[in-house]
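Q: Right, I'll just put the structure down here and ask away after.
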Amino acid sequence: MQKVSLYRSPRLRAVTIGLCILLAAFIFSMSAEPAAVSGDRSTEIAEQLLSAVVSDWDRIESHEQSHMLSTMDHVLRKTAHFCVYTALGALLCLASLGFAASRRLHVLRSFWIGVLYAASDELHQAFVPGRGPAVTDVLLDSSGVLCGIAVMMLVAWSIWKKCK
């Protein structure tokens, strides 16, 4: 298989690897928050969104508000998981593309690093008050990683195509 790279600059490699580390640290710090702190933040965001989107939010009965808030909170949390791991997948792939390797190796290396990080992050949550690991979150995070890799590989492919 032909070895390819998107760039060769050692400085750019260092920047992309540094961005991967920064995003991983951000994910770790968010996972280290106790459930009450994390829950309060996402519930507040959900309430702000619902009050902005639902015109008569203040007039809805409290039990209905509570149900809507719970649903929106869940959707926000899962969307955040997917999006942050999509960014991580894209950054991991971009970092990999700074080294000569087959396209397949770029994808596999980025994917497995992302999946292992997602699994370790869930394991980390087992030691955080009120939180626990969830296999479904690892699967969601892994799908985000894969999505980010796919986007980055499409970008790389279009760049390679233009350069030929």
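Q: Can T43 be described as surrounded by 12 or more Cβ atoms within 10 Å (Cβ to Cβ), modelled with pLDDT of 95 or more, assigned to a helix (DSSP H, G or I) and among the hydroxyl-bearing types (S, T, Y)?
A: Numbers: surrounded by 12 or more Cβ atoms within 10 Å (Cβ to Cβ): yes; modelled with pLDDT of 95 or more: no; assigned to a helix (DSSP H, G or I): yes; among the hydroxyl-bearing types (S, T, Y): yes.
It is false that T43 is surrounded by 12 or more Cβ atoms within 10 Å (Cβ to Cβ), modelled with pLDDT of 95 or more, assigned to a helix (DSSP H, G or I) and among the hydroxyl-bearing types (S, T, Y).
Q: Tell me whether segment 96-107 contains one or more residues that are loosely packed, with under 14 Cβ neighbours inside 10 Å, over 16 Å from the mean Cα position of the chain (by Cα) and within 18 Å of I17 (Cβ to Cβ).
A: Among the residues of segment 96-107, at least one is loosely packed, with under 14 Cβ neighbours inside 10 Å, over 16 Å from the mean Cα position of the chain (by Cα) and within 18 Å of I17 (Cβ to Cβ), which makes the answer yes.
Q: Turning to a different aspect of this structure: How many residues are outside any helix (DSSP H, G or I) and closer than 15 Å to D121 by Cβ when one looks only at segment 10-40?
A: Applying the first criterion (outside any helix (DSSP H, G or I)) to segment 10-40 yields 32-34.
When the remaining residues are screened for being closer than 15 Å to D121 by Cβ, the result is 32-33.
So the answer is 2.
Q: Here are some conditions: (1) more than 20 Å from L19 (Cα to Cα); (2) more than 17 Å from the chain's Cα centre (by Cα). H74 meets all but one. Which one does it not meet?
A: Here H74 clears every test but (2).
Q: Which residues, counting only those in segment 126-139, are surrounded by fewer than 18 Cβ atoms within 10 Å (Cβ to Cβ) and part of a helix (DSSP H, G or I)?
A: Across segment 126-139, the qualifying residues are V135, T136, L139.
Q: Out of curiosity, is D121 in contact with a His (Cβ under 7 Å, 6 or more places away or on another chain), in a helix (DSSP H, G or I), within 18 Å of K78 (Cβ to Cβ) and not basic (K, R)?
A: Working: in contact with a His (Cβ under 7 Å, 6 or more places away or on another chain): no; in a helix (DSSP H, G or I): yes; within 18 Å of K78 (Cβ to Cβ): yes; not basic (K, R): yes.
The answer is no for D121.
Q: Moving to a separate point now. Anything in segment 124-164 that is polar (S, T, N, Q) and out of contact with any Ser or Thr (no Cβ under 9 Å at 6 or more places or on another chain)? List them, or say none.
A: T136, S142, S158
Q: Could you look through segment 1-14, keep only residues that are surrounded by 14 or more Cβ atoms within 10 Å (Cβ to Cβ) and not small (G, A, S), and pick out the one that is nearest to L154 (Cα to Cα)? Walk me through it before giving the result.
A: Quick first cut of segment 1-14, residues surrounded by 14 or more Cβ atoms within 10 Å (Cβ to Cβ) only: 4-7, 12-13.
Those still in the list that are not small (G, A, S) too: 4, 6-7, 12-13.
Numbers: V4: 14, L6: 12, Y7: 15, L12: 20, R13: 19 Å.
Among those residues, the one meeting the criterion is L6.
Q: So which of I113, I60 ends up being modelled with pLDDT under 95, surrounded by 13 or more Cβ atoms within 10 Å (Cβ to Cβ) and either in contact with a helix residue (DSSP H, G or I) (Cβ under 8 Å, 6 or more places away or on another chain) or closer than 18 Å to A150 by Cα (or both)?
A: Values: I113 fails: modelled with pLDDT under 95.
Testing whether each residue is modelled with pLDDT under 95, surrounded by 13 or more Cβ atoms within 10 Å (Cβ to Cβ) and either in contact with a helix residue (DSSP H, G or I) (Cβ under 8 Å, 6 or more places away or on another chain) or closer than 18 Å to A150 by Cα (or both) leaves just I60.
Q: Still on this structure: Out of all the residues in segment 30-37, is one or more within 25 Å of V151 (Cβ to Cβ) and in contact with a helix residue (DSSP H, G or I) (Cβ under 8 Å, 6 or more places away or on another chain)?
A: Taking segment 30-37 as the starting set, the residues that turn out to be within 25 Å of V151 (Cβ to Cβ) are 30-31.
After this cut, where a residue has to be in contact with a helix residue (DSSP H, G or I) (Cβ under 8 Å, 6 or more places away or on another chain) as well, the list is 30-31.
Yes - at least one qualifying residue is present in segment 30-37.
The values are calculated or read from the model by the stated rules, or taken from the named source; none is laboratory data. These numbers come from a predicted model, not from an experiment. Don't worry about glycine lacking a Cβ; one is built from the backbone with ideal geometry, like all the others, and counts go over all protein chains shown.
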